[in-house]
Amino acid sequence: MLIHNLISDASKILKKNKIKSHLLDAEIILADLMNISREHLITSHYLPVSNKIKKKFNYAIKRRYRREPVAYITKKKEFWSLDFIINKFTLVPRPETELLVNEITKLLKNKRIDILDIGTGSGCILLSLLKELQFAKGIGLDVSTKAINVAKKNAKKFRLSNRTRFIVDSIDNFKLGKYDLIVSNPPYIPFNEISKLDEEITNFEPLCALNGGIDGLDLIRKVIYKSNILLKTNGYLAVEIGNNQYTEVAKILRDSCYREISKVCDFERNVRCIISTKI
Ligand code: GLN
C-alpha cells in the first residue's frame, strides 16, 4: 500500500470519529512509525509502506480514535524545539509552558545558577532551561519514580546528564540545597473540574499531575511556602498557574513576602505564569 492511500484512509476514519486534526494526526503517526520526518512523508506520498508498518499504523489509528493523544501513541512531544520522550506516567508538555521557559531565559541569560524544578514530569522545563542557560545546573523533583525515569532518559538524550540530577521525593520532605531559581508547573486543576476536561486528558493523562485539590491551589501553595526555605536571597520563583488563579496566587505570594517581577499571559489573555522574588 502507498503512503498516500494509508494516510487518506486513516484520515477519513479519524474524521468520522470527530478528531479535528485527523489529517495531521495520521501524518504524524505514520511518519513516526516509518522513522522519517513529517515533511519527508508528505513529499513522498507515492512510496510503498511495508505490511508490518501498515499493521502497526492501523493499530495506532485505533488508539487515536479512542481519543488517546498522539503524543502517547508516538511516545514523544516537541517542546522548546526538543523532541521529548514521554509516556503515560508524564503529562504531555504544553505550549503554554514554553511561555514560562521563555520568560525565565530572558531574565537569567548567561547566569551561573542552581535550579530546582518541582514536579518535573518529563523534565521538559528543567532541560529546556539548561539548553538555554549553559552555565546553569539543576535538580528535577517528582513523586513518581516512573516519571523520573523518563526525565533521566531525556537528560541523556539531550546530553544534559552532567548538569542535572533527578530525585524521587515529595516537596513536603525535600530539603536539599539552596537555589537561585525554583520553577514549577504544579498540578493546578480544581478536583471537581477534572471530569469536565476533554476525555483526551481525563482518560489518558496522569491524574496526580493534574489534581490541585479543592480549589486547585494545594500544590501551588506548597511550592510557594517551601520555596521560602529553599530559595537563596534574591532568588526567583517561577510558577505556572491555571485559568482565573492569578488574583488568588498573587495574594499568597504577597502574604509570603514575595515581590512580583513579571507575569505572562497565554494566547487567550489568561495569566499563565508568574515570576517573583523573595524580599
Ligand atoms: N513539569 C512538567 C510539565 O510542565 C510536569 C508538570 C506536572 O506534572 N504537573 O509538563
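The values are calculated or read from the model by the stated rules, or taken from the named source; none is laboratory data. Not measured: the values here are computed from a predicted model. Every residue, glycine as well, gets a Cβ built from its backbone with ideal geometry; the counts of neighbours run over all protein chains shown.
Observations on the structure shown:
- Some residue of the range 256-272 being part of a helix (DSSP H, G or I) and more than 17 Å from the chain's Cα centre (by Cα): no
- Helices (runs of 4 or more DSSP H) enclosed by the range 1-74 - at least 2 residues per element that are of a type in the set (S, T, Y): 3-16, 51-65, 70-74
- The sole residue among T120, T97 that is in contact with a helix residue (DSSP H, G or I) (Cβ under 9 Å, 6 or more places away or on another chain) and part of a loop (DSSP other than H, G, I, E, B) is T120.
- Candidate set from the range 243-276 (those that are surrounded by 15 or more Cβ atoms within 10 Å (Cβ to Cβ) and among the hydroxyl-bearing types (S, T, Y)); member that is nearest to P187 (Cα to Cα): Y246
- Lone unmet requirement of (1) more than 10 Å from the ligand (Cβ to nearest atom); (2) surrounded by fewer than 20 Cβ atoms within 10 Å (Cβ to Cβ) for R94: (1)
- Looking across the range 162-206 at every residue that is crowded, with 20+ Cβ neighbours inside 10 Å and polar (S, T, N, Q), the one that is nearest to the ligand (Cβ to nearest atom) is identified as N185.
- The sole residue among K232, K222 that is closer than 30 Å to F135 by Cα, more than 12 Å from the ligand (Cβ to nearest atom) and either touching a Ser or Thr at 6+ places or on another chain (Cβ under 8 Å) or assigned to a helix (DSSP H, G or I) (or both) is K222.
- Residues located in the range 140-165, provided they are assigned to a strand (DSSP E or B) and either without any contact (Cβ under 8 Å) to a residue 12 or more places away in the chain or over 16 Å from the mean Cα position of the chain (by Cα) (or both): T164, R165
- Filter result for T247 (at pLDDT below 95, out of contact with any Gly (no Cβ under 9 Å at 6 or more places or on another chain) and away from the ligand (no atom under 15 Å from the Cβ)): no
- None of Y59, Y46 is of a type outside the set (A, V, I, L, M), over 11 Å from the mean Cα position of the chain (by Cα) and modelled with pLDDT of 95 or more except Y59.
- Residue match in the range 98-108 (condition: crowded, with 16+ Cβ neighbours inside 10 Å, in contact (Cβ under 8 Å) with a residue 40 or more places away in the chain, over 27 Å from I224 (Cβ atoms) and more than 16 Å from the ligand (Cβ to nearest atom)): no
- With respect to (1) surrounded by 15 or more Cβ atoms within 10 Å (Cβ to Cβ); (2) closer than 14 Å to I182 by Cβ; (3) at pLDDT below 95, the lone exception for N234 is condition (1).
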